[in-house]
1. Determine, for each peptide in 30-42, 13-25, the mean count of other beta carbons within 10 angstrom over its residues, then list the peptides with the highest first.
2. Could you give each residue of segment 37-47 its phi-based ³J(HN,Hα) in whole Hz, using Karplus coefficients 6.51, -1.76, 1.60 with θ = phi - 60°, and x for Gly or Pro?
3. Can you tell me which of 241-249, 50-58 comes out highest on packing, and rank the rest after it, using the mean Cβ neighbours within 10 Å?
4. Name the long-range amide H neighbours of residue 261: under 5 Å, sequence gap of 5 or more, or other chain; modelled H, no Pro or chain starts.
5. Counting pairs of Cα atoms in segment 1-122, how many percent are more than 26 Å apart?
6. Out of all Cα-Cα pairs in segment 88-144, roughly what percent, to the nearest whole number, are more than 13 Å apart?
7. Sort 307, 209 so the one with the fewest other Cβ atoms within 10 Å of its own Cβ comes first.
8. Cα-Cα pairs above 38 Å in the chain: how many percent?
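Every read-out reported here was derived from the displayed coordinates using simple, explicitly stated rules and does not represent laboratory data. Quantities reported herein were computed from a predicted structural model and do not represent experimental measurements. All Cβ positions, even for glycine, are placed from backbone atoms using ideal geometry, and neighbour counts span all protein chains on display.
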Amino acid sequence: MKKTELATKAGQILVKTKLGIKKHSPEILVAAGIGTGIVAAIVACKQTIKANDIVAEARKSLQNIEDVKELAANNEVEYTEENEQEDRKTIGMQVAVGMVKTYALPVGLGILSITCILAGHHILKKRNVALAAAYSALSTDFMNYRKRVVDKYGKDVDFMLKNGLEKQIVANQVVDPETGEVKETKEEVLTYEGDKLSQYARVFDEVGSTQWTPSADHNRAFLLMEQNYFNERIRTRGYIFLNEVYERLGFRPTKAGSVVGWVYQNADYEGIDFGIFTAHTQKAAEFLEGTEPSIILDFNVQGDILSLVTEGGVWDQYNGG
């Protein structure tokens, strides 16, 4: 019984170890490649000392040939041009063989280093392609789901569900300018919960953005100007990544922002929208009125556009490729 349990645990550990190695194989291969490259450089430096000895010996042999030629010129020994050519050829072969033997190990280590790094890069590239394909499929499914929601319930419901908005009745007190009587009015507004916002949404305020100012009018003009800029920019360029918008608005770029964005003239392209006018919340209304300097921006990205830009012909279409 104990032997069976030990064998089972050993098998589980072995499988877990194999999976761990497979998971981290790109990092392992790159690290091994870098380490092997360092060792190759060290060995090459050491072998250079032996190479200098080989060169010195070859020079000594060539000098001997010159000495023998002088003796032959004085008729002291017999040494023909054929003998000289054969000797020089022999010395050249000896130097070549010596150099190959000397540097065989560091060159082999260098080739192994490059192979490890390229293999790690290849594995990582395949995983990125698979990840991009999975994200693209997920994004397509989500967009199709949203279209079905819009078709059945309308854009307003889709917007509320996407951003976690809820309708609430807010009571406001209004003073009648003629009678001075205070009247209570009720207004339907949208409220939100911060943790339910889109992952691409950002709060344009003094904490979230380096471009924010205390002036509500300045902030509104700035955001509208940037939105117009990107809508014009995409017409000439063909695509815009979300990180480009983030950086212009003073937000930190994200990993997702380097993949998602907008592609001009794509099937679901409706223009670049920061959500300034479509966010029908009380805060958004106050921002547009000029009484609130901050606003939540929720960008209407189309999803993963990286494959469309690099492989879908968008780059070639707008850059003459």
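1. 30-42, 13-25
2. x, 5, 4, 4, 5, 5, 5, 4, 5, 5, 5
3. 241-249, 50-58
4. Residues meeting the amide H criterion: 242, 302, 303, 305.
5. Working: 4146 of 7381 pairs.
Roughly 56 percent, once rounded to a whole number.
6. Here the long-distance tail beyond 13 Å is 74 percent of all Cα pairs in segment 88-144.
7. 307, 209
8. Details: 27086 of 51360 pairs.
Above the 38 Å cut-off, the chain has 53 percent of its Cα pairs.
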